[in-house]
Amino acid sequence: MTAHEIDYRIYGEEMQYVEIELDPNEGVIAESGNFMMMDEGIKMDTIFGDGSQKDKGFLGKILGAGKRILTGESLFMIAFYNDLVGKRNVSFASPYPGKIIPIDLTEFGGKFICQKDAFLCAAKGVSVGIEFSKKIGRGLFGGEGFIMQKLEGDGMAFVHAGGTMAERTLEVGETMRVDTGCIVGFTQDVNYDIEFVGGIKNSIFGGEGLFFAKLEGPGKVYVQSLPFSRLADRVIASAPKSGGKSRGEGSILGGLGDLLDGDNRF
């Protein structure tokens with residue numbers, strides 16, 4: 001194996017974290033901001049790119065860092081190593097309520113494609129790259145743009161799904177339609193395209209956008225019930241308006257409305 005062989009355990013229900021057990025000289029890489037805690041003896045190192053075998057040499061490191069810019073991530077990743085004798089643990093937390101999905105890349109032919117902000121952490125040696133869309137329609141209207149992330153190698157990787165996670169295994173030719181923002185990831189043999197919702201009333205008044213994501217098997221698909229964009233939209237819509245007034249204060253009922261719904265505090 002080119003990737004480090006790590007053990008892990010996932011804790012929690014709604015706000016999960018994954019604990020990675022590192023043997024001596026083993027390491028794990030993670031996006032900045034996902035770290036939670038670690039045992040004494042773990043060494044933390046900031047690396048250029050993802051530190052995989054594909055990033056050997058100066059040019060390889062530049063290309064690896066460039067790929068991360070295209071996906072909207074930082075130029076750097078954080079690596080954690082166990083430099084001591086004996087096992088040590090390091091943990092990474094999910095960024096918002098949802099589920100952490102362990103991905104064994106050896107079971108998926110060494111490649112898994114996911115949305116740009118789904119990646120949490122992976123065994124040292126796993127390559128975190130980009131997957132370009134070859135279809136203009138998918139790139140323009142697919143919700144994830146022209147670029148998604150691809151995880152390659154023979155180690156463990158961990159991605160995060162918001163809300164409740166649904167796992168579907170598609171047979172050859174079997175299709176499913178998904179809201180474009182609800183896709184977490186899929187295996188490399190799944191064909192991903194977009195499909196027009198259809199119908200004037202559906203398009204104008206349906207409130208679900210103009211396009212679905214169409215996924216065709218064979219392969220495995222992971223879908224999330226709460227994309228971060230949907231969560232953020234609801235939070236912004238419920239936030240106080242300018243002047244510090246809540247949404248209810250501008251209604252006909254005014255303060256009485258707040259009193260009825262329990263928002264008024266004395």
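Within segment 166-194, residues that are farther than 21 Å from Glu152 by Cα sit with their Cβ atoms under 9 Å from residues that are among the aliphatic types (A, V, I, L, M) and exposed (fewer than 14 other Cβ atoms within 10 Å of the Cβ), at 6+ positions apart or across chains, in these pairs: Ile194/Leu140. If only residues of segment 17-34 that are surrounded by fewer than 19 Cβ atoms within 10 Å (Cβ to Cβ), at pLDDT 95 or above and within 18 Å of the chain's Cα centre (by Cα) are counted, the one that is farthest from His160 (Cα to Cα) is Glu19.
Could you list, in sequence order, all residues of segment 35-60 that are at pLDDT below 85, part of a loop (DSSP other than H, G, I, E, B) and surrounded by 14 or more Cβ atoms within 10 Å (Cβ to Cβ)? Listed by number, the residues that qualify are Gly49, Asp50, Gly51, Ser52.
Every residue, every condition in (1) over 16 Å from the mean Cα position of the chain (by Cα); (2) closer than 16 Å to Asp154 by Cα, yes or no:
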| site | (1), (2) |
| --- | --- |
| Lys87 | yes, no |
| Ser91 | yes, no |
| Pro97 | no, no |
| Pro102 | no, yes |
| Gly109 | yes, yes |
| Ile113 | no, yes |
| Leu120 | no, no |
| Gly129 | no, yes |
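For segment 154-174, give me the residue count where each residue is farther than 18 Å from Ser127 by Cβ and surrounded by 14 or more Cβ atoms within 10 Å (Cβ to Cβ). Residues meeting the conditions: 8.
The values are calculated or read from the model by the stated rules, or taken from the named source; none is laboratory data. What you see is a predicted model, and the numbers here were worked out from it, not measured in a lab. With ideal geometry, Cβ positions are generated from the backbone for all residues, glycine too; neighbour counts draw on all protein chains shown.
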